[in-house]
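Enquirer: Sharing a structure with you now.
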Amino acid sequence: MRIFIDADACPVREECYKVARRHNVPVTVVSNAFLRVPREPLINFIAVSDSFDAADDYIAENCDGLSIVITSDILLAERCLLKDAQVLAPTGKAFTKDSIGGAIATRAIMADLRAGADMPNIGGPAPFTQRDRSKFLEVLHVTLERLKRAN
């Protein structure tokens, strides 16, 4: 088992490390730019090129059915689900093969609305809260336990 973190702008890296230590599961942190990560055998940092989607490409190419991918990127989530990975948003929301189509459609609608010149500002996602952080910790733990039992 392995946890992959789409690390650019990920607010729950420390929570991932905490749960990974508890379960003795390696973590791969993937980013376009250098990030400080703990110097521990379980935690590996991969710096990819700054080309568009380089981090996404690395994660999608290296994940599998024993992987948990942490990302807010819906299109990356879809690519990882196609490789049978478990995918979690930093808020603790699990992306599934059943839910990803709706998430992609909503993403497209919101992009269209934002592109409309005469539309009022519809804003972005809600602010990240302590409640989101707690839910993420719980969901990551449960997902790891489920993967352990299945394998």
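Enquirer: May I ask you to list pairs of residues, at least six apart or on different chains, whose Cβ atoms are under 8 Å apart, with the first in the range 1-23 being crowded, with 22+ Cβ neighbours inside 10 Å and the second being among the small types (Gly, Ala, Ser) and assigned to a helix (DSSP H, G or I)?
Expert: Ile3/Ala20; Asp6/Ala55; Ala7/Ala55
Enquirer: Residue check: is Cys16 modelled with pLDDT of 95 or more, of a type outside the set (S, T, N, Q) and not in a strand (DSSP E or B)?
Expert: In short, yes.
Enquirer: Restricting attention to the range 43-63, and to residues there that are free of Cβ contacts under 8 Å to residues at least 24 places away in the same chain and aliphatic (A, V, I, L, M), which single residue is surrounded by the most Cβ atoms within 10 Å (Cβ to Cβ)?
Expert: Going through the qualifying residues, I end up with Ala60.
Enquirer: With the requirement that a residue be more than 22 Å from Met1 (Cβ to Cβ) and of a type outside the set (Ser, Thr, Tyr), what does the range 49-66 give you?
Expert: Passing the criteria: Asp50, Phe52, Asp53, Ala54.
Enquirer: Could I ask something else about it? Where residues in the range 76-105 are hydroxyl-bearing (Ser, Thr, Tyr) and out of contact with any Phe, Trp or Tyr (no Cβ under 9 Å at 6 or more places or on another chain), which of them is farthest from Val139 (Cα to Cα)?
Expert: Ser99
Enquirer: Name the residue, out of Leu75, Leu140, that is more than 29 Å from Arg22 (Cβ to Cβ), modelled with pLDDT of 80 or more and out of contact with any strand residue (DSSP E or B) (no Cβ under 6 Å at 6 or more places or on another chain).
Expert: So the residue among Leu75, Leu140 that is more than 29 Å from Arg22 (Cβ to Cβ), modelled with pLDDT of 80 or more and out of contact with any strand residue (DSSP E or B) (no Cβ under 6 Å at 6 or more places or on another chain) is Leu75.
Enquirer: So, Thr129, is that one surrounded by 13 or more Cβ atoms within 10 Å (Cβ to Cβ) and modelled with pLDDT of 80 or more or not?
Expert: For Thr129, the condition - surrounded by 13 or more Cβ atoms within 10 Å (Cβ to Cβ) and modelled with pLDDT of 80 or more - is not met.
Enquirer: Also: Which one of these is surrounded by fewer than 16 Cβ atoms within 10 Å (Cβ to Cβ) and in contact with a Phe, Trp or Tyr (Cβ under 8 Å, 6 or more places away or on another chain): Leu35, Leu66?
Expert: Result of the check over Leu35, Leu66: Leu35.
Enquirer: Look at the range 19-75 and say how many of its residues are within 16 Å of Thr143 (Cβ to Cβ) and of a type in the set (Gly, Ala, Ser).
Expert: Matching residues across the range 19-75 total 3.
The values are calculated or read from the model by the stated rules, or taken from the named source; none is laboratory data. Just so you know, these numbers come straight off a predicted model, no measurement behind them. Cβ sites come from the backbone with ideal geometry, for glycine too, and all protein chains shown count toward neighbours.
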